[in-house]
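Peer 1: Questions regarding the structure given below will be posed in turn.
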Amino acid sequence: MTRQESTPSRRRALQWSAAGLAAAVPGAWAQAAAPAMRPLQIVGPWELTGLAPANSGYMFARLQIAETLMNAADDGTPQPGLAQRWRLSADGLAWRFELRPGARFHDGTAVTTDAVLRCLAVARKPPSLLSVAPIAAMEAEGSRTVLIRLEAPFGGLPSLLAHSSTIILAPSSYRPDGGVQRIVGTGPFRIAVLSPPQLVEAVAFEGYDGPQPAIRHTRYLTVSRAETRALMIEAGQADLAYSLDPASLQRLRTRRQVPIESATLPRTVIVKLNAGLPALKDVRVRRALSLSIDRAGIAKALLRDPSLAATQMFPPTMTGWHDPTLPALRHDPGEAERLLAEAGWQRTGEGLRGPDGQPMKLVLRGFPDRPELPIFATALQEQWRQAGIAVRVSIGNSGDIPLGHRDGTLDMGLGARNFGTVPDPTGTLLQDYGAQGGDWGAMGWKHDGVVAALAELSRGGVPAERAATLRAGIVRVLQEELPVIPVTWYRQHVAMSPRVARVSVDPLERSYRISGMEWKA
């Protein structure tokens, strides 16, 4: 029997966290259970903040409970999802997606074009990622084909349809008012217990139209503290532990009792700036903030990996966007001081004061979902203090930064921007650096050349040499103008139980790939 709770009923989940670990997930039971019946225990920091795909679709996609029309290979190449085939019209204005004929929802109903169109209609509402596509109309063409007509060519549509906000749910998932009341997907696993914000249990879906997974039962638990997640994997109370802090990771590697898989992600720790503020409107001040950051020191001390210091926005693994010829972001306090003075900011015993005599005081907002971010915030605060820049750190929720962007109250925001939320980062960059800026991108800053280049890339069909020129131009402007300051690149580490085989890390973070895992004999 499936049980999905839309309101927190969390006694069981809470029992498993922090203090009650040993009693709550009995290691003896987990190890004694027959492999076919043993649940795969997954722990991570991410909470279910609601059932709407825009909020928590990524979790249901990672757990392979729900699917999107399109998938992606590790390098971002489009792959079949619920759509087994797709094609583009000669004029570039019509995309057709042919559904898998045997696909069924977890309630036993067939996947229909009407069900798909309903989900896509919700997914394209602003400020969603799909809303950046110039969609004119969406309709059914026959019983198995979804037709999406465009106002202008947009080659990145398949990538947007791989985003987790576009997961396809059964009509029974929705209330009469359109809200999501339960998650009824199409993946190889179906929900057995759902208790937001901490717990998801799933079992193999016998009606799945693809290969049946070897592991038949999974359980995801939100555990906020990275140290606790590491202790759980060491104690045998978890089989997969995601998002580990550097200290725990070093301890696990030293003891060599727990295997670890790693992958460099298309993710960058950034400081988002409100360039509309009088102090930050001047590019010299933004450059001074960047020059005051000792990225190598932060990467070495906090990540235990100096190679993750960001010399530019995109990491080397993003070969189409990383530019090895670009002058690297560097640490140069002397040049920072010179630029601040040139911009009219004089250093006094109480910090910096501008030409009008007003002090420079900024607030850096952050959040603890990723364990390193609060520590990063403290390090940045100190490095800017040494430059005379007074910064107050405010640690809240991840939603505080988008909210501050929208209501104009944000000074600076520290976050980890994932450029792999869709396989082609052009869609993400359109959302971040388009004409209106974006929640995790530009604020009070616009560059017409960047907007035009992104628009041209998004249309698709751009010759390779021209596309490379456009990408290089975008990267160069972001490096020079610094509407957002890169700090470090990111590497995902997953600690795993020796009982589990065939674990791999998805560099796009779209899936935990549970269906490909198996228990060791």
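No lab work stands behind these numbers, since they all come straight from the coordinates. As the structure is a computational prediction, the values presented were derived from the model and not from experiment. Neighbour counts are summed over all protein chains in view; Cβ atoms, including those assigned to glycine, are modelled from backbone coordinates with ideal geometry.
Peer 1: Compute the Rg to Rh ratio over the chain from the alpha carbon atoms, using the Kirkwood formula for Rh, and round to two decimal places.
Peer 2: 0.98
Peer 1: Whose amide H sits under 5 Å from the amide H of Arg104, counting only residues 5 or more places off or on another chain, with H placed in the peptide plane?
Peer 2: For Arg104, whose amide H was placed from the backbone, the distant partners under 5 Å are Val111, Asp209.
Peer 1: Let me ask something else about it. Relative contact order (percent) for the stretch 70-171, with alpha-carbon contacts under 8 angstrom and 6 or more residues of separation?
Peer 2: About 31 percent, as a whole number.
Peer 1: Continuing with the same structure: Pairs of alpha-carbon atoms within less than 8 angstrom and 6+ residues apart define the contacts here; what relative contact order does the chain have, in percent?
Peer 2: This gives 20 percent for the chain.
Peer 1: Counting other Cβ atoms within 10 Å of each Cβ, which GluC sites (Glu not before Pro) in the stretch 86-182 have at most 16 and sit in a DSSP loop?
Peer 2: Answer in residue order: Glu151.
Peer 1: Now for a different question. Rounded to two decimals, what is Rg over Rh for the stretch 330-374 when you use alpha-carbon atoms and the Kirkwood radius?
Peer 2: 1.14
Peer 1: Report the convex hull volume per residue for the stretch 70-171, counting only C-alpha atoms, in Å³.
Peer 2: 100
Peer 1: At a threshold of 8 angstrom on Cα-Cα distance, excluding pairs fewer than six apart, so keeping six or more, what relative contact order does the stretch 268-388 reach in percent?
Peer 2: 27
Peer 1: Within the stretch 307-322, list the residues whose amide N lies under 19 Å from a label point set 7 Å along Cα→Cβ of Asp74.
Peer 2: 315-322
Peer 1: If the viscosity is 1.002 mPa s and the temperature 20 °C, what translational diffusion coefficient in µm²/s does Stokes-Einstein give for the stretch 370-521 when Rh comes from Kirkwood over Cα pairs?
Peer 2: Translational diffusion coefficient: 117 µm²/s.
Peer 1: Enumerate lysine pairs in the chain that are 8 or more residues apart or on different chains, then count those whose Cα atoms are under 29 Å apart.
Peer 2: 10
Peer 1: Another question about this same structure. Any idea what log10 I(q)/I(0) is at q = 0.07, 0.10, 0.13, 0.17 Å⁻¹ for the stretch 264-491, Debye with uniform C-alpha scatterers and no solvent?
Peer 2: -0.21, -0.43, -0.74, -1.28
Peer 1: Identify, among Leu273, Leu291, Leu249, the residue whose Cα sits farthest towards the positive end of the charge dipole of the stretch 233-319, taking +1 on the Cβ of Lys and Arg and -1 on the Cβ of Asp and Glu, with the dipole about the Cα centre.
Peer 2: Leu291
Peer 1: Ok, one more. If one computes the Cα centroid of the stretch 425-455 and of the stretch 113-191, what distance in Å separates the two points?
Peer 2: 24
Peer 1: Where both partners of a DSSP beta bridge lie in the chain, what percent of those bridges are antiparallel, to the nearest 5?
Peer 2: 75
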